Each structure stands twice: as C-alpha cells, then as structure tokens.
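The values are calculated or read from the model by the stated rules, or taken from the named source; none is laboratory data. Note that the structure is a prediction, hence the values are computed from the model and not measured. All Cβ positions, even for glycine, are placed from backbone atoms using ideal geometry, and neighbour counts span all protein chains on display.
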Amino acid sequence: MLRATLKSLLARKVRLILSGLAVVLGVMFVSGAFVLTDTLGRSFDAIFADAYEGVDVQVAAKPKLAVGETEGEQVAPPFPAAVLDRVRTVPGVAEATGSVNATGARLIGSNGKAVTSFGPPQLGSNWTGGSDLIEIRQGRAPQADNEIMVNAALATAGKVTVGDQVGVLLTLASKQEFTLVGIFGYSGGRDSIGGANEIYFTTPVAQRLMLGAPDTYNSIVLTSADGVAPERLRDDVAAALGDGYVVKTGEQLSADAAAGLKEGLSFFNRILLGFAGVALLVGTFLILNTFSIIVAQRTRELALMRAIGASGRQVIGSVLVEAVAIGLLASVLGLAAGIGVGALLAYVFGQFAGGLTLAGLGVPPVAVFSSFGVGLVITVVAALLPALRAARIPPIAAMQDVATPDRPLTRVTLSGAVVTAAGAGLLALGLSGNAGDNTLVTILTGVLLAFIGVALLTPLISRPVVNLLGGLFSWSVPGKLGRLNSGRNPRRTAITAAALMVGIALVTGVTVILDSTKASIAGKAEQIIDAELVVAGEQTGPQPPTFEPTVVDRAAALPGVAAVAGLYNDMATVEGERRFVNAATDLAAVGRIWGAKATAGTVATLRPDQVALSEPAAKELNKTVGDRITAQFARGEPHTYTVAAIVPEDRLPGAIMLPKESAADFTQPKPYLALVQLTPGTPVAQVQPQLEELVKDSPEVSVTDRAGFIAQQTGQFDTLLRMIQILLALAIVIAVLGIINTLALSVLERTRELGLLRAIGLRRAQTMRMITVEAVVISVFGALLGVTVGSGLGAAVVEALKDEGITELVLPWSQMGLFVGLAALIGVVAAVLPAIRAARINVLGAIAHD
C-alpha cells in the first residue's frame with residue numbers, strides 16, 4: 001500500500017508542487033520571522049558589546065522617570081562634578097572620566113533640513129580624548145566652544161565636510177552655529193554604532209547644551225585597577241555613593257541595552273507570526289480543497305484497493321502519507337525561503353536604521369522546529385477530512401463510471417451556523433471589554449471562528465450566488481458552460497472562494513477601522529479646534545519636533561492673531577501611575593480654541609501650582625476641584641498641584657493640563673504644537689508667511705492650515721494600512737494559487753468531459769473562455785464574500801470603539817469595488833495555465849480517458 005501511494009504521488013508531480021506551494025509560503029513567513037529577530041538580536045548584542053567594550057564600570061544617577069525602550073527616551077539626570085571627585089577616591093579606581101551623553105542634538109544638513117533618525121538616537125557628547133573604539137578620519141577633535149566633530153554616518157547623511165559652518169538643533173537650548181572641525185568613525189571601519197548620529201562638543205559646551213547646567217555630568221566611566229574585578233569595583237562604588245545612583249558593569253550595560261531593543265523586536269516578531277497565521281489559514285483551505293479533489297479523482301483507484309482487500313485504515317494512511325510527504329517537502333522549502341527572506345528583511349532593517357552592522361546570518365532552532373511543526377501539522381490536518389471521506393468509499397464504486405454523488409449540505413450548514421455563532425459570541429465578548437486580560441486572544445479566536453464558520457456556510461449560498469454571477473457571462477455557450485461548471489460542486493467552489501475571502505476580508509476590515517478612525521479624528525478636530533493655522537512638525541522619532549517658546553509670544557503679537565495656544569507634552573508619574581501629561585502656555589487661549597468650559601472651577605488661567613483635569617481623568621484619579629495631586633517628570637523633583645478646573649472630555653488637548661512652568665522638567669522643554677486663531681476677516685495668507693518667518697530656525701517645523709494639519713496627523717494611518725496590505729498580499733497570493741490549483745485539478749478530473757465537448761464542436765478558444773469564466777466567477781464570489789465579511793467585522797469593531805471616540809463608520813466603497821475588480825482580473829490570470837491545458841487536450845485521447 002505504501003509503495004502504491006508513493007508511486008501515485010511521484011506520478012503527479014505538478015499536483016505535488018501546487019499542493020505544497022501554499023504551505024511553503026506560510027512556513028516562509030514563520031521561519032523568516034524567527035531568522036529576522038535572531039539576526040537583529042545578535043546584531044544588537046554585538047553593537048552594545050562594542051559600545052561598552054572599554055567600560056569596566058559606569059555610574060549614573062537614578063532616572064526620575066522610568067521609560068521603556070518602545071515608549072520614548074530615557075533621561076539620565078545630571079549630577080554635580082563633585083561626584084566625580086568622590087568616585088576617584090574609591091579604592092580600586094584606576095581612572096574615572098566624567099561623561100556627557102544625551103539625546104537631543106540634531107544636525108542641520110547642507111540642504112537646510114535637520115538630519116532625521118527613525119529610531120536610533122541622536123546624541124550629543126563631550127569629547128574626552130581618543131579610545132580604541134573611536135578613530136578620527138578627517139580633521140581633529142573640538143577644542144574651542146564653537147567647534148564640533150560628528151561621526152561619518154551623520155556627515156554623509158547631512159552632506160557636510162570639515163570646515164563647514166553647520167547648525168545644531170538642541171532639546172535644552174536654542175539653535176546653535178558651529179564649525180565642523182572633524183569627522184570620526186569607529187573601529188572595524190564602521191561609520192556609526194547601531195545607526196546612531198553622534199556629535200562631540202567640548203565638555204563645557206556639552207554640559208550647558210545637553211544637560212542645561214555647567215559643571216555637571218550624567219555618567220562616569222570607570223577603569224578598574226589591576227587585579228580588581230569590575231564586579232567588586234561596582235559594589236564598592238555603589239556603597240560609597242548610596243541609593244541615588246545606578247552603578248553597573250560594562251557587561252550589564254550591554255545586556256540591558258540589548259534586552260530593551262529585543263523587547264521591541266519580540267513585538268515585531270509577533271506581528272509577523274500573526275500574518276504567517278493568516279497565510280497558513282488560507283493555505284489550509286487550499287490543501288483541503290486539493291485533497292478533496294484528489295480523493296474525488298482517485299475514487300475508482302481507492303475503491304479497487306478496497307475491493308482487493310485494503311482496509312479503510314490503509315486508505316486513510318495512503319492519503320495521510322501523501323500529506324506528510326507534501327508537508328515535509330514544503331517545510332524544507334519554506335525554511336530555506338524563510339532564511340532568505342529573514343536575511344533580506346534584516347538587511348532592509350539595517351539600511352533603514354542608518355547602516356546597522358548585521359551579525360552573521362543564523363538559523364535558531366525555534367525556526368527549524370516551527371517550520372516542520374507548522375508545515376506538517378497544517379498539511380496533515382487539512383488532509384484529514386478528505387482521508388476520512390476516502391475511507392468511506394465503497395468497493396462497488398470501482399465498477400461505476402461516475403464518482404460518488406455530492407452529499408447534502410445539511411450537516412455542514414448546521415456546523416457552520418454553530419461555529420459562526422461561537423465566533424460572533426467571542427468577538428462580542430472581546431470587543432465589549434469584559435474578557436479581562438484575555439481580550440486580544442478572545443478577539444482573535446472570535447475572528448478565526450468567524451472565518452471558519454463563514455467558510456462552512458459558503459456552500460449553502462455558493463450555488464445561487466454563482467448562478468447569479470455566471471448569468472453575466474451566459475450570453476455565449478462557453479459562458480453558460482463556465483457558469484454551470486462553477487456551480488456544479490458547491491463545496492469545492494466554496495472552499496476555493498473562502499481562501500480568497502480571508503485575505504480580502506482582513507484588508508477590508510482593517511480599512512474600515514482605519515478609515516473610520518481617520519474620519520472620527522478629523523471630524524472631531526474640525527468641530528473642536530477653532531484655529532486657522534497650526535505650527536507643528538511631522539514626528540519621525542521617539543519625540544515630536546519642537547520649536548522655541550518665544551515663537552508663541554511673538555505669534556500672539558502679530559496683527560490679525562486673536563489667540564495662540566502653545567502645547568508641550570510628555571510622560572510623567574501622576575499619583576504613582578505613568579500617564580501622558582500636557583502643558584499649555586495660556587489655558588485661557590486653550591479654552592477659547594478648544595471651546596473648553598469647566599464643569600467645576602475655571603479655565604481662565606493656571607497658576608504654576610495648579611492643574612486642570614478632564615472629567616475621565618478626575619474620575620480615575622478620584623479628584624475634584626481643590627484636591628492635590630503629585631507628579632514626577634523626567635527632570636527635577638516631584639511637583640504638587642491643586643486641581644483648579646475639571647473640563648468635559650475632548651474639551652482639552654490632553655487629560656491632564658499643566659501650567660507652562662512645568663514643561664521645564666519635561667523630556668523636551670519646548671512646545672511641539674501651536675494653534676493660532678485669527679480675528680474674524682483676517683485672511684490666512686496674510687498671517688501664514690509671518691509665522692513661517694518666526695520658525696525659520698526650526699527646519700523640522702512647518703506652518704499649515706487646519707485641514708493640512710489634520711491630514712498630516714492622520715497620514716500615519718495610511719502608512720499603517722499600506723504595510724498591512726503588503727503583508728496580507730501573501731494571503732491573497734496563496735488564494736490565487738488555490739484558484740489555479742482547483743482549476744488545474746478540475747481540468748484533470750474532467751478530461752473525458754472536455755474531450756466530448758471538443759468532439760461535438762467546442763473550439764479551443766471557447767474552451768479557454770469556459771475555464772476563464774469559471775475562474776472569474778469563483779474569484780468574484782470570494783471577493784464579494786470578503787468585502788461583506790470584512791465590512792461586518794470592521795463595523796463591529798468601530799461600534800465597540802464608540803466610547804473611545806471612534807464615532808464615524810466609513811465604508812470604503814471605492815476600495816471594495818477595486819477589490820472586486822481585481823478579483824475578476826485575478827480570475828483571468830489564474831485561468832491562463834489551466835485554460836491552456838484544457839485547450840490542448842487531445843480529443844481522442846480524452847474520450848478514451850478513464
């Protein structure tokens with residue numbers, strides 16, 4: 001029996017390839033995700049090992065506010081130079097160097113624009129002398145206060161050379177002009193470490209510009225004396241300084257820095273695995289359909305085996321052996337493809353991150369185990385139902401000229417109804433917020449069951465819908481035949497269409513959610529914000545671009561300006577919990593522009609010790625007017641405020657509104673946004689050029705009208721949607737393969753029928769049109785299912801998010817129409833190879849085919 005199965009498998013190589021290709025693509029995504037994160041993880045390990053290579057022990061003050069790697073920038077508080085003198089007296093210290101190293105120094109390139117960074121930090125440091133890590137390639141180190149040196153990656157990005165006069169934007173100071181006197185690199189010929197842009201100043205300038213105070217440092221680098229272990233020196237220094245400082249060895253610093261970035265990578269890995277799951281779900285439909293057709297084609301063969309003594313168990317084993325063979329081959333090919341894709345994505349990530357030096361490509365064991373586990377499990381599970389069906393084939397079928405008749409749809413319809421109801425119930429539970437810590441798992445399980453349930457219900461509706469769609473092509477004989485063929489087997493048509501349905505449903509659902517979110521935000525902004533002009537920049541890193549506080553005051557003095565509200569934002573610890581906070585230059589102007597009216601207290605002004613809360617924030621904090629709250633910012637000591645006003649939700653630009661004096665201790669003590677309200681009758685074109693002149697020294701910032709600002713802020717949703725569409729395109733590609741596979745196997749199954757049609761006068765071109773009609777009808781059916789299910793899922797999510805401010809339901813009719821149109825085109829493309837094969841059938845050989 002095994003020998004017969006293997007011979008049958010090898011005799012149908014095309015079927016083998018088409019069956020396994022879907023699994024190959026799904027496994028490729030899984031293994032590629034693990035290869036990518038492993039490669040990047042080891043790259044970060046190597047980067048930080050190099051960065052801290054010359055550090056035995058480092059001393060830093062405890063952060064005022066703990067910030068995760070994915071949440072923003074950690075601010076290391078400065079400490080007086082006297083701490084450096086204390087450290088030098090600790091036994092075992094051979095050398096102690098005071099260091100200034102902080103984010104927030106951005107070079108203005110030769111084109112007048114700031115050099116941006118999508119992730120890696122932009123550092124400002126003090127030059128303390130050469131080391132084995134740093135090598136000066138051109139010029140020299142800074143000696144005067146008006147001189148700087150930059151790393152080679154930054155010089156290349158900014159297109160600057162030694163001798164240029166360059167501008168530097170700073171977090172704690174206004175724009176400064178310097179002479180570029182040197183360009184440096186790193187050992188091993190590297191232009192940067194981890195894509196970071198770094199600028200070296202003299203020590204006094206770095207202290208003033210990066211830390212905001214003279215004679216201060218934010219870290220001390222220690223070299224231990226001969227015979228003193230770094231761990232011992234760490235403990236001795238920690239004991240000498242007390243609890244206010246963090247003392248770590250270089251190895252600890254390297255491990256901690258790498259671990260923070262790996263946390264972000266693990267989130268990215270889960271996203272890729274999620275899309276891999278979608279691809280494998282679609283692949284499951286394809287494999288299930290393939291084996292169903294195979295079993296139907298081999299009815300007489302399997303019945304003959306039963307007639308000569310093969311048991312039902314042996315027949316099941318025969319089908320499953322074929323599935324295992326396909327799964328093994330697909331897993332091997334998918335793993336190989338995943339290694340290539342992982343390497344490619346790692347390279348792209350490295351270039352995107354500013355030239356990240358990658359570690360050697362590695363294949364972690366989890367990539368291998370997951371590839372074979374997923375590939376085998378998916379294939380065997382998908383083949384199980386057809387295998388059980390094969391075991392039920394009666395031996396008498398060997399003597400019949402036709403396959404077993406199609407079974408009633410009652411059982412599959414009832415199963416579909418139950419599964420769909422279960423999926424809808426889980427979705428409702430998850431979206432209601434009553435699933436606790438299992439909300440995400442509940443929603444994803446609900447979506448999965450909903451897709452499976454709809455797929456099970458699809459045969460019930462396939463015949464009438466397919467007949468309706470096929471009616472569009474019934475004006476010709478090939479069209480009528482194609483319509484009849486696509487509707488003759490509801491199960492097969494339904495499974496093929498369901499594979500396409502999953503990808504299109506997910507894209508449609510995400511589009512509905514993101515478009516509804518955009519519309520809700522834009523509509524709310526139009527209603528709430530009464531400002532004609534906005535000063536802001538597009539955020540490309542952890543923090544948004546900022547501008548000088550004086551811009552707000554100067555803008556308020558311009559003719560035709562009625563009010564200006566400048567805003568700051570940051571994360572803080574408020575009453576022991578981390579929350580986002582905002583500060584305003586003028587609360588009265590904020591109230592005027594936002595239409596804020598206090599339900600308690602007043603929004604006329606805020607003294608330096610007062611705070612305004614939104615109603616939800618006041619409820620969460622259990623505070624009312626007159627109560628006090630405590631907040632700790634990234635810098636300085638804790639602040640205590642008295643609640644001066646409580647305002648309805650969405651009538652403030654933030655839940656916690658602080659006075660502008662608080663911003664001095666923010667991570668970025670400069671405004672990131674200014675809203676400008678004009679006096680009635682003042683044209684925008686009159687004031688906008690004057691505002692642009694005020695921010696000319698802030699090249700990251702622009703002045704736009706309200707509509708332009710809203711479009712800028714919601715543009716990130718378009719970027720997110722494009723990324724999701726690209727990733728989900730793989731599922732759609734697999735679905736297309738499913739259509740090709742179904743048609744190709746169907747042509748094989750109907751060889752004799754096609755020969756008879758050709759014999760009675762159906763020409764080759766008509767045969768090709770008939771196959772094309774079948775493909776188009778199935779594709780359009782799948783697309784209609786997809787946009788219907790996707791719209792329903794998207795609408796359910798939007799409805800559940802009403803309390804979160806997503807109040808507008810937007811159905812992307814144009815995109816849904818595009819999906820249906822593309823489905824028709826997909827059908828035409830998918831039909832090419834099967835149609836050519838059908839047209840080339842030898843008429844006499846086909847009639848004699850058994």
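Within the stretch 39-57, being more than 29 Å from the chain's Cα centre (by Cα) and within 18 Å of GLY130 (Cα to Cα) holds for ASP50, TYR52, GLU53, GLY54, VAL55, ASP56.
Name the residue that is surrounded by the fewest Cβ atoms within 10 Å (Cβ to Cβ), counting only residues in the stretch 657-680 that are more than 16 Å from LEU587 (Cβ to Cβ) and in contact with an Asp or Glu (Cβ under 8 Å, 6 or more places away or on another chain). Across the stretch 657-680, the extreme among qualifying residues is LEU678. Would you say LEU754 is modelled with pLDDT of 85 or more and part of a helix (DSSP H, G or I)? Taking the combined requirement at face value, the residue does not satisfy it. Residues in the stretch 505-541 that are outside any loop (DSSP other than H, G, I, E, B) and of a type in the set (S, T, N, Q): THR508, THR511, SER516, THR517, SER520, GLN527.
This table checks each residue for (1) assigned by TED's automatic domain parsing to the domain that holds ALA644; (2) touching a strand residue (DSSP E or B) at 6+ places or on another chain (Cβ under 8 Å).
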| residue | (1), (2) |
| --- | --- |
| GLY523 | no, no |
| ALA536 | no, yes |
| VAL551 | yes, yes |
| VAL564 | yes, yes |
| ARG579 | yes, yes |
| ASN582 | yes, yes |
| ARG592 | yes, yes |
| ALA596 | yes, yes |
| ALA604 | yes, no |
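Any residue at all in the stretch 567-578 that's touching a helix residue (DSSP H, G or I) at 6+ places or on another chain (Cβ under 6 Å) and closer than 19 Å to VAL676 by Cβ? Yes, the conditions are met somewhere in the stretch 567-578.
The rows are residues; the columns are (1) at pLDDT 80 or above; (2) over 30 Å from PRO120 (Cβ atoms); (3) not in a loop (DSSP other than H, G, I, E, B).
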| residue | (1), (2), (3) |
| --- | --- |
| GLY309 | no, yes, no |
| GLY327 | yes, yes, yes |
| ALA330 | yes, yes, yes |
| GLY342 | yes, no, yes |
| VAL348 | no, no, yes |
| PHE372 | yes, yes, yes |
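Within the stretch 757-815, the set of residues being more than 20 Å from ALA450 (Cα to Cα) and of a type in the set (Val, Ile, Thr) comprises ILE760, THR767, ILE771, THR772, VAL773, VAL776, VAL777, ILE778, VAL780, ILE806, THR807, VAL810.
Listed by first and then second residue, the pairs linking a residue in the stretch 78-93 that is over 26 Å from LEU172 (Cβ atoms) to a residue that is among the acidic types (Asp, Glu), with Cβ atoms under 7 Å apart and 6 or more places separating them unless they lie on different chains, are VAL90/ASP236; PRO91/ASP236; GLY92/ASP236.
Among the residues of this structure, ALA707 counts as one that is exposed (fewer than 14 other Cβ atoms within 10 Å of the Cβ), modelled with pLDDT under 85, aliphatic (A, V, I, L, M) and part of a helix (DSSP H, G or I). Scanning the stretch 589-631 for residues that are touching a Phe, Trp or Tyr at 6+ places or on another chain (Cβ under 8 Å) and not β-branched (Val, Ile, Thr) yields ASP609, GLN610, ARG628, ALA631.
Of VAL676, VAL687, which residue is touching a strand residue (DSSP E or B) at 6+ places or on another chain (Cβ under 9 Å), in a helix (DSSP H, G or I), within 30 Å of GLU532 (Cα to Cα) and not aromatic (Phe, Trp, Tyr)? If you could, list the steps in order and put the result at the bottom.
Numbers: VAL676 fails: in a helix (DSSP H, G or I).
Exactly one of VAL676, VAL687 is touching a strand residue (DSSP E or B) at 6+ places or on another chain (Cβ under 9 Å), in a helix (DSSP H, G or I), within 30 Å of GLU532 (Cα to Cα) and not aromatic (Phe, Trp, Tyr), namely VAL687.
Applying the set (1) more than 30 Å from ALA196 (Cα to Cα); (2) modelled with pLDDT under 90; (3) small (Gly, Ala, Ser) to GLY560 leaves exactly one unmet item: (2). Taken over the stretch 64-98, the criterion of being at pLDDT 80 or above, under 21 Å from GLN632 (Cα atoms) and either assigned by TED's automatic domain parsing to the domain that holds ASP570 or of a type in the set (Val, Ile, Thr) (or both) is satisfied by VAL75 alone. Restricting the first member to the stretch 141-162 and to residues that are touching a residue at least 60 places away in the same chain (Cβ under 8 Å), and the second to residues that are assigned to a helix (DSSP H, G or I), the beta-carbon pairs closer than 6 Å and six or more apart or on different chains are ASP145/VAL205. Return the residue satisfying two criteria in turn: it lies in the stretch 390-431 and is modelled with pLDDT of 75 or more and among the hydroxyl-bearing types (Ser, Thr, Tyr), and of such residues it is surrounded by the most Cβ atoms within 10 Å (Cβ to Cβ). The extreme case among them is THR420.
Find the residue count for the stretch 103-121, including only residues that are in a strand (DSSP E or B) and of a type in the set (Ser, Thr, Tyr). Step through it out loud before you land on a result.
The initial filter retains those residues of the stretch 103-121 that are in a strand (DSSP E or B), namely 103, 105-108, 114.
Next, from what is left, pick out any that are of a type in the set (Ser, Thr, Tyr): 103.
Qualifying residue count for the region: 1.
Annotation note: Cβ proximity below 8 Å between a residue of the stretch 609-630 that is touching a residue at least 12 places away in the same chain (Cβ under 8 Å) and over 7 Å from VAL643 (Cβ atoms) and a residue that is in a loop (DSSP other than H, G, I, E, B) and hydrophobic (A, V, I, L, M, F, W, C) (sequence gap 6+ or interchain) occurs for ALA612/ALA598; ALA612/VAL603; ALA612/LEU606; ALA612/LEU652; SER614/LEU652; SER614/ALA655; PRO616/ALA655; ALA617/ALA655. As a summary of the residue check, VAL810 satisfies the conditions (1) in a helix (DSSP H, G or I); (2) touching a Lys or Arg at 6+ places or on another chain (Cβ under 8 Å); (3) β-branched (Val, Ile, Thr) except for the one numbered (1). Applying the set (1) touching a helix residue (DSSP H, G or I) at 6+ places or on another chain (Cβ under 9 Å); (2) over 15 Å from ALA144 (Cβ atoms); (3) in contact (Cβ under 8 Å) with a residue 40 or more places away in the chain to VAL166 leaves exactly one unmet item: (2). PRO648 meets the stated requirement of being surrounded by fewer than 17 Cβ atoms within 10 Å (Cβ to Cβ), at pLDDT below 90 and farther than 24 Å from ASP553 by Cα.
The set of residues in the stretch 632-648 that are touching a Leu at 6+ places or on another chain (Cβ under 7 Å), under 28 Å from GLY595 (Cβ atoms) and of a type in the set (Gly, Ala, Ser) contains only ALA644.
The rows are residues; the columns are (1) without any contact (Cβ under 8 Å) to a residue 40 or more places away in the chain; (2) of a type in the set (Val, Ile, Thr).
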| site | (1), (2) |
| --- | --- |
| LEU427 | no, no |
| SER432 | no, no |
| ALA435 | yes, no |
| THR439 | yes, yes |
| THR442 | yes, yes |
| GLY446 | yes, no |
| ILE452 | yes, yes |
| LEU456 | no, no |
| ILE461 | yes, yes |
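Tally time: how many residues in the stretch 122-156 are in a loop (DSSP other than H, G, I, E, B) and surrounded by 20 or more Cβ atoms within 10 Å (Cβ to Cβ)? The number of residues fulfilling the criteria is 2. Pick from GLY845, GLY827, GLY786: which is in the same structural domain as MET501 (by TED's automatic domain parsing) and modelled with pLDDT of 85 or more? Testing whether each residue is in the same structural domain as MET501 (by TED's automatic domain parsing) and modelled with pLDDT of 85 or more leaves just GLY786.
Within the group ALA196, ALA173, ALA213, which residue is without any contact (Cβ under 8 Å) to a residue 60 or more places away in the chain, of a type outside the set (Asp, Glu) and at negative phi?
ALA173
Tell me whether the stretch 196-214 contains one or more residues that are buried (at least 19 other Cβ atoms within 10 Å of the Cβ), assigned by TED's automatic domain parsing to the domain that holds TRP127 and at pLDDT below 90. Yes, some residue in the stretch 196-214 is buried (at least 19 other Cβ atoms within 10 Å of the Cβ), assigned by TED's automatic domain parsing to the domain that holds TRP127 and at pLDDT below 90.
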